[in-house]
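This report concerns only the one structure given below.
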Amino acid sequence: MAGELKVLNALDSAKTQWYHFTAIVIAGMGFFTDAYDLFSISLVTKLLGRIYYFNPASKSPGSLPPNVSAAVNGVAFCGTLAGQLFFGWLGDKMGRKKVYGMTLMLMVICCLASGLSFGSSAKGVMATLCFFRFWLGFGIGGDYPLSATIMSEYANKRTRGAFIAAVFAMQGFGNLTGGIVAIIVSAAFKSRFDAPAYRDDRAGSTVPQADYAWRIVLMFGAIPALLTYYWRMKMPETARYTALVAKNAKQAAADMTQVLNVEIVEEQEKADEVARREQFGLFSRQFLRRHGRHLLGTTVCWFVLDIAFYSSNLFQKDIYTAVQWLPKADTMSALEEMFKISRAQTLVALCGTIPGYWFTVFFIDIIGRFVIQLGGFFFMTAFMLGLAVPYHHWTTPGNHIGFVVMYAFTFFFANFGPNSTTFIVPAEIFPARLRSTCHGISAAAGKAGAIVGSFGFLYAAQNTDASKTDAGYPPGIGVRNSLFLLAGCNVIGFFFTFLVPESKGKSLEELSGENEDDDDVPEAPATADHRTAPAPPA
């Protein structure tokens, strides 16, 4: 059976080596770029509104119309959802390595193209920006299932959770870097091209050179991805794909002999046995019986998590303004507003986002995925209710810092919780031939939640008083009631977590059932000695 292949046992029992850290960096830089590209748009949307939708007769600075704002913020998510499904499926058909290079180059090209968006009118610029950001999202979508699957299939079973979590944790550094780059760019432009506040000089508050600032911020995301392309192409195909899907256990053993620096000689009889096994498909009764509830659990948990996570993250600048943590827009110039929004996001990333990711890295193989996800949903619910119930208290002068601290704790427990585990678990519990596909389906459900959050929150969080809504928006239910809705999403995620098995300390084949016969009867424990001997000197 699959678990008796020496090459897979060697991977499961391998000590932590240099190649593990190399794989983390190579896969992680893709996620660094993912996070940078998806979240950096929230840093420049206010600036885009001032540049392209300026109305000299208005008392407030220009802002993106509701439909344009929804498109600019949400179109990349639509692309990501499509990319997760397509590249997830393709990764199981063509192999992880072949598809991995495609997604990275698509990300690099579209990242640069986003910053070069052109047009003679506001509509033209926004249309080209949305076009390129859709295909950027398409490439980013492919990185989700492929990075998770590659890292899970390379890792040993003792520290697999930490390794996959470390790849995902690069998102935190992507968020942080996005804020830092935006701070540096806006500060540099502001220093060179100083401008008065909007209420002092409506036209002069946005200098023409500001049009370069947002383009530089968006294009910078291509650099780290481009730097890792060579090493991504040098990685061998994962042994589990080669042995269990491509049915070439001898090639898998040869590849891992070089990677692990040990001699692995696969027995032909066992390799032939694996090759002959009948395998069920995604839409079969066997899959539904073995993994149907698991896939339901991973998709629902990721869906409701991303409604809460992305609605808060993408529009945190609006929340800061609502509690008066940022000055009113008309008291700032365009570049000053970009600087202060970026500073706020950087502070949250540094204090709330990054620590949560790395707490997961350090503790996931100690306390397990189930406890972390359950606890994360619980505390996210508690802190969102803590923000919503006394919301009027938080919006009174003197209490704004407390609001931001509570908000940061919500992000901390999202990242030391379901935002990490929903990414990790789907890469562990499904069969190798369907692993990338099922991870893509789960991730696509998450992005559907992100679309609901990012589009819906634009409207839902509007003030209930029509005279106090943003220009072009109908009255909503307000930030307070929106927080109640997001807390409800977390409660749903809490209960659906019980459908997902604990994967700590188990081999991928044990979790997926690839060690079992077709009648679901577990194999007797293997007694053969599968130790590997050191490779002979070159």
Exercise for review: Round to the nearest 0.05 the FRET efficiency obtained for ARG158 and ARG289 when R0 = 51 Å and r is the Cβ-Cβ distance.
Suggested key: 0.95
Point to revise | Leading residue at positive end of dipole, the range 1-60 (Cβ point charges), from LEU43, THR22, ASN9 | key: LEU43
**Study point:** Acute angle (nearest 10 degrees) that the helix 160-192 long axis makes with the longest principal axis of the chain, alpha-carbon atoms
**Key:** 30 degrees
Exercise for review: Of the listed values (1) 27.9; (2) 29.9; (3) 24.1, grab the one calculated as Kirkwood radius over Cα pairs in Å from the structure here.
Suggested key: (3)
Point to revise | Karplus-derived 3J(HN,Hα), 6.51/-1.76/1.60, for each residue of the range 386-401, Hz, glycine and proline x | key: x, 7, 7, 4, x, 4, 5, 5, 5, 8, 8, x, x, 10, 5, 5
**Study point:** Accessible-area composition of the chain, carbon plus sulfur, in percent [1.4 Å probe]
**Key:** 66 percent
Check your understanding: What accessible area per residue comes out for the chain, rounded to a whole number of Å², with a 1.4 Å probe?
Key -> 39 Å²
**Study point:** Principal-axis tilt of helix 18-52 within the chain, Cα atoms, nearest 10 degrees
**Key:** 20 degrees
Practice item. Using only Cα atoms, tell me the angle between helix 122-154 and the longest principal axis of the chain; keep it within 0 to 90° and round to the nearest 10. Key: 30 degrees
Check your understanding: Using the Karplus equation 6.51 cos²θ - 1.76 cosθ + 1.60 (θ = phi - 60°), what ³J(HN,Hα) coupling, rounded to whole Hz, does each residue of the range 80-93 give in order, writing x for Gly and Pro?
Key -> 4, 4, 5, x, 4, 5, 5, 6, x, 5, 5, x, 7, 8
Review point. Can you give the Kirkwood hydrodynamic radius for the range 16-80, in Å, rounded to one decimal and based on Cα pairs?
Key: 14.4 Å
Revision key, fill the gap. With the charge dipole of the chain built from beta-carbon charges (+1 for Lys and Arg, -1 for Asp and Glu) about the Cα centre, the Cα from ALA388, ALA195, TRP89 projecting farthest to the positive end belongs to ALA195
**Study point:** Relative contact order for the chain, counting Cα pairs under 8 Å that sit 6 or more residues apart, in percent
**Key:** 25 percent
Revision key, fill the gap. Amide H neighbours of GLU263 at under 5 Å, excluding residues fewer than 5 places away on the same chain, with H built from the backbone geometry, are ALA533, ALA535
Check your understanding: Ordered by residue, what ³J(HN,Hα) values in Hz, to whole numbers, does the range 216-227 give under the Karplus form 6.51 cos²θ - 1.76 cosθ + 1.60, where θ = phi - 60° and Gly and Pro are x?
Key -> 4, 4, 5, 6, 4, x, 6, 5, x, 5, 5, 5
Review point. Under 23 Å Cα-Cα from LYS46, which lysines qualify once same-chain neighbours fewer than 8 residues away are excluded?
Key: LYS59, LYS123, LYS190, LYS317, LYS328, LYS340, LYS468
Check your understanding: If you place +1 on the Cβ of every Lys and Arg and -1 on the Cβ of every Asp and Glu, how big does the dipole about the Cα centre of the chain come out, in debye to the nearest 20?
Key -> 1320 debye
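The values are calculated or read from the model by the stated rules, or taken from the named source; none is laboratory data. Just so it is clear, the structure is predicted and the values come from calculations on it, not from any experiment. Cβ atoms come from the backbone with ideal geometry, glycine included; neighbour counts cover every protein chain shown. These accessible areas exclude ligands, DNA and RNA; they are computed on the full protein's heavy atoms, side chains included. Shrake-Rupley method; radii C 1.70, N 1.55, O 1.52, S 1.80 Å.
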